[in-house]
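The structure appears below as structure tokens.
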Amino acid sequence: MLRFGFEQQGLPEVVSSTAKLNLPSQAVMQRLGMRATHEDFDHPALPEGSPLRSHCLYRLIRAHWAAGGAEIAPGEDALSR
């Protein structure tokens, strides 16, 4: 999806978010070369008091990706690590 977004769609960046409690998803984003933005937010579709409401945002800019920022090779399954 990163290759599609950057090469075919010409996106300047790709962003992703997950619940702060979802450490496995954060680890996948980090292995993809994404960096935490520290722009945390409460997910508007989740009720107040939900442990999943607090989310963190990750970002990968095209220049970093093109310079080899991703640790996962094209075609490799990040979840199989």
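The values are calculated or read from the model by the stated rules, or taken from the named source; none is laboratory data. These figures come from a predicted structure and were not determined experimentally. So basically every Cβ, Gly included, is an ideal-geometry build from the backbone, and we count neighbours across all protein chains shown.
Selection over segment 21-58 of residues that are in a loop (DSSP other than H, G, I, E, B), exposed (fewer than 11 other Cβ atoms within 10 Å of the Cβ) and either of a type outside the set (D, E, K, R) or in contact with a strand residue (DSSP E or B) (Cβ under 6 Å, 6 or more places away or on another chain) (or both) gives a count of 6.
Within segment 19-48, residues that are at positive phi sit with their Cβ atoms under 9 Å from residues that are part of a strand (DSSP E or B), at 6+ positions apart or across chains, in these pairs: 33/60; 38/56; 38/57. Residues in segment 1-14 that are exposed (fewer than 14 other Cβ atoms within 10 Å of the Cβ) and either touching a residue at least 24 places away in the same chain (Cβ under 8 Å) or in contact with a strand residue (DSSP E or B) (Cβ under 9 Å, 6 or more places away or on another chain) (or both): 3 in all. For segment 1-28, the set of residues classified as in contact with a Cys (Cβ under 9 Å, 6 or more places away or on another chain) and of a type in the set (A, V, I, L, M, F, W, C) consists of 19 only.
Determine whether residue 63 is modelled with pLDDT of 95 or more and assigned to a helix (DSSP H, G or I). Talk me through it step by step, then tell me what you get.
Working: modelled with pLDDT of 95 or more: no; assigned to a helix (DSSP H, G or I): yes.
Answer is no for this residue.
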